[in-house]
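Report on one structure; see the data block that follows.
What follows draws every value from the coordinates through simple rules; no lab data is involved. Not measured: the values here are computed from a predicted model. With ideal geometry, Cβ positions are generated from the backbone for all residues, glycine too; neighbour counts draw on all protein chains shown.
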2 protein chains.
Amino acid sequence: MVGAATPAVLERTRVLVEPLLAAAVDRLVDELRLPARYHFGWVEADGSPSDAVAGKGLRPALAVLSAEAVGADASVALPGAVAVQLVHDFSLVHDDIIDGDEERRHRPTVWTAFGMDDAIIVGDALHNLAYQVLLEDPTPERVAATSRLARATTVMIAGQAADMAFDDLPAVDLPACLAMEADKTGALLGYSASVGAVLAGAPAGKVDALEAYGVELGLVFQAVDDVLGIWGDPVVTGKAAGNDLRERKKSMPVAVVLSAGGLAADELRALYDTEGDLSDEQVSLAADLIVEAGGRDGTVAEARAHLDAALAAVDGVGLEASAVDELAALARFVADRDF
Amino acid sequence: MVGAATPAVLERTRVLVEPLLAAAVDRLVDELRLPARYHFGWVEADGSPSDAVAGKGLRPALAVLSAEAVGADASVALPGAVAVQLVHDFSLVHDDIIDGDEERRHRPTVWTAFGMDDAIIVGDALHNLAYQVLLEDPTPERVAATSRLARATTVMIAGQAADMAFDDLPAVDLPACLAMEADKTGALLGYSASVGAVLAGAPAGKVDALEAYGVELGLVFQAVDDVLGIWGDPVVTGKAAGNDLRERKKSMPVAVVLSAGGLAADELRALYDTEGDLSDEQVSLAADLIVEAGGRDGTVAEARAHLDAALAAVDGVGLEASAVDELAALARFVADRDF
């Protein structure tokens, strides 16, 4: 693994959030608790202890930093941190069904391990639990935080629907791809990066700046994810090489090439215009085509541009300097990651 | 059709709620709006106008009556009425996938018409929209109404999980069946029958009485539903005769027989202990067995007992007499329906 060192805020936040998250999940009935705990990597499918690799906990870390950025204690952010993690995980459980993904973080997905019916209802339970947990916070600001969660989640779901609709379109240009990814990934990261400030009762200007940082970070995250979805090492990504191409996803590198038009776009469109999953040979051909036509470089450039925009959003708006430094380190970590 | 005349409150409420519900659904992105509008029976799958039979609108009617029962105007209840309808419909869309039901109200279910992936995400969108709509209500009481919605929905999801788990149990007794059905159906009806009073800021005693009425009504509803699931006329139920037996559901008539034990219970358990769906002959045999062993009469008796409990809950607690009369008429309508 190369790239930036893991920012300390991730571990610092995990220690605060995971016990609360575990307590929330433990409130589910037995039938839902086991698959939910399995999804979080805390147990194996038979209930035995697991040493699975957990998620990075990016969203809770953003929530905590957004409280600290407005001078509040990390504890203020915790109900928001738990809620946003629950919403994120509900979306993962359902998206894995929709995308037919059989593995996540080197383990069978919930639908693969427990069946589709259980995965549907476990996702529903996590989604609903997010609202329940957040509304139990005693602060008056929980109301604004919950309204914002509802709006961000509606946008996230719309983004997932747009991504699904891309499968039926002959081509997708870069603006359409960025708009979809801003919805699918950016909205909830924007929420994550501002909910602590909302719960702290911070003024709208600071909340908006933090949210803008999060939306931009979402596009950084997605650009890197889309590069890894084609050229990532299966050992570290936990997905087959060229997975996104095999499934003919219209991700950012593909959209860059299709947007540019010309011969490479025609060839790529022709490859995508066949029936069924692409063969290994076709995947390899498509990957080379995209590199030559500048799709990989163009996507890396998008990641850099949105990283700059994220950093600019939290600069000069009166946020606490140490938190801004940590937000910047986190954004660079997301931009540089290779897993 | 026999049974009580359709209570006027259903039509009176539909006129108030349906435009708001349609406006809420219209806020969804195109990809989600069409399958959602199809589910509500407003359009066909191709977007053309539909003359589909709509749902009865029981939950919105309860919400409106609960506001009127505490002396408030029907309008106070409307955000709650819309929210509870959205949650109910999200659960129908997902439950139809889980139960493998291909028809609802004589039309293909959403997953049948649009595919499972779309049905998952449309359900998610309706679930989330419920919170978004309710939180936009300007009254301070929206916060309590939303917290209660989160709790009721968690219980509803737990009930659905319990129902799914019943499929893997050799037998289910009556108390377990009633507990599952109180969760699966009663919790959201209890919420429906009290949310108007919550939004009106009514005292806890009246809210609790109305909620208790709704939970009991849920058991009435479910008992009748379970009788119709075995002996209902397919022309009016829109489902195949004996459907619940064919799928080996452990519904209330079955649980009554299994609880009583003896020869009939052994025979029924043996029938249920075969592989795959039951044949027409086995369905007919099981239905006769349940009648002879008192499973049908026992379930009708449960419906009557919970009807009495529902009526008793709203008696003598200082609610408006005209609303109590309408609640009673609605409960009798639910108990007497044969569709």
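Take the Cα of A:Ala270, step 7 Å toward its Cβ, do the same at A:Ala301, and the gap between the two points is 2.6 nm. Say the dipole of the protein assembly as shown comes from +1 at the beta carbon of Lys and Arg and -1 at that of Asp and Glu; which of A:Ala119, B:Pro108, A:Leu268 then lies farthest toward its positive end? Value computed over the given set: A:Ala119. For chain B, find the longest principal axis of its Cα atoms and tell me its angle to the long axis of helix B:116-136, 0 to 90°, nearest 10. Once rounded, the angle reads 40 degrees. Here the residues B:Leu210, B:Leu86, ranked from fewest to most Cβ neighbours within 10 Å of their Cβ, fall in the order B:Leu86, B:Leu210. Label point of B:Leu20 set 7 angstrom out along Cα-Cβ; within the stretch B:37-53, amide nitrogens under 20 Å from it belong to B:37, B:40-42. Counting every other Cβ atom within 10 Å of each residue's Cβ, A:Met156, B:Met252 order from fewest to most as A:Met156, B:Met252.
To the nearest 0.05, what FRET efficiency results for B:Leu263 and B:Trp42 with a Förster distance of 41 Å applied to their C-beta separation? Using R0 = 41 Å, I get an efficiency of 0.20. Computed about the Cα centre, the dipole magnitude for the stretch B:1-101 is approximately 420 debye when only Lys and Arg (+1) and Asp and Glu (-1) carry charge, each at its Cβ.
Among B:285-293, A:323-331, A:64-72, B:65-73, the peptide with the highest mean count of other Cβ atoms within 10 Å heads the list, and the full ranking is A:64-72, B:65-73, A:323-331, B:285-293. Spherically averaged projected area of the convex hull of Cα atoms, the stretch B:258-325: 6.9 nm².
Summarised in one figure, the compactness ratio Rg/Rh of the protein assembly as shown, Cα atoms and Kirkwood Rh, is 0.99.
For the pair A:Thr6 and A:Glu103 in one chain, pulling the backbone fully straight at 0.36 nm per residue adds 32.5 nm over the alpha carbon distance. In a reduced charge model with +1 at each Lys and Arg Cβ and -1 at each Asp and Glu Cβ, the protein assembly as shown shows a dipole moment near 1860 debye about its Cα centre. Rounded, prolate or oblate, given the Cα gyration tensor of the stretch A:120-177, with a/c below 1.5 counting as rounded? Oblate is the answer for the stretch A:120-177, as a/c is 1.5 or above yet b/c matches or exceeds a/b. Assuming R0 = 51 Å, can you tell me the calculated FRET efficiency for the pair A:Asp233 and B:Glu292, based on Cβ-Cβ distance, to the nearest 0.05? So, using R0 = 51 Å, E works out to roughly 0.15. For helix B:187-199, what angle does its Cα long axis make with the longest principal axis of chain B, in degrees from 0 to 90 and rounded to 10? So the inclination is approximately 10 degrees. Shape class for the stretch A:1-54: oblate, because the ratio a/c of the largest to smallest gyration tensor axis (alpha-carbon atoms, square roots of eigenvalues) is 1.5 or more and b/c is at least a/b. When only alpha carbons of the stretch B:81-175 are considered, Rg and Dmax amount to 15.5, 50 Å. Under the convention that each Lys and Arg Cβ holds +1 and each Asp and Glu Cβ holds -1, the size of the dipole of chain A around its Cα centre is about 960 debye. From helices alone, chain A scores -23000 deg cm²/dmol at 222 nm; the rule is -39500 (n - 2.57) for each run of n ≥ 4 DSSP H residues, then divide by the residue total. One compactness figure for chain B is 0.98, namely its Cα radius of gyration divided by 2.2 N^0.38 Å.
With R₀ set to 22 Å, the beta-carbon distance separating B:Met116 from B:Asp168 gives a calculated FRET efficiency near 0.50.
Between the stretch A:159-232 and the stretch A:11-79, the alpha-carbon centres lie 21 Å apart. Since only A:Ala152, A:Val93, A:Cys177 are under comparison, the one whose Cα sits farthest along the positive direction of the charge dipole of the stretch A:8-336, derived from C-beta charges on Lys, Arg, Asp and Glu, is A:Ala152.
Within the protein assembly as shown, what is the number of lysine pairs with alpha carbons under 30 Å apart, leaving out pairs fewer than eight places apart on the same chain? Counting lysine pairs in the protein assembly as shown gives 22.
Of A:Lys56, A:Lys206, the sequence from fewest to most neighbouring Cβ atoms within 10 angstrom is A:Lys56, A:Lys206. From the square roots a ≥ b ≥ c of the eigenvalues of the alpha-carbon gyration tensor of the stretch B:220-275, which class results: rounded (a/c under 1.5), prolate (a/b over b/c), or oblate? Here the stretch B:220-275 falls in the oblate category. Using bins of 10 Å that start at zero, the share of Cα-Cα pairs per bin across the stretch A:121-264 amounts to 11, 32, 31, 18, 6, 1, in whole %.
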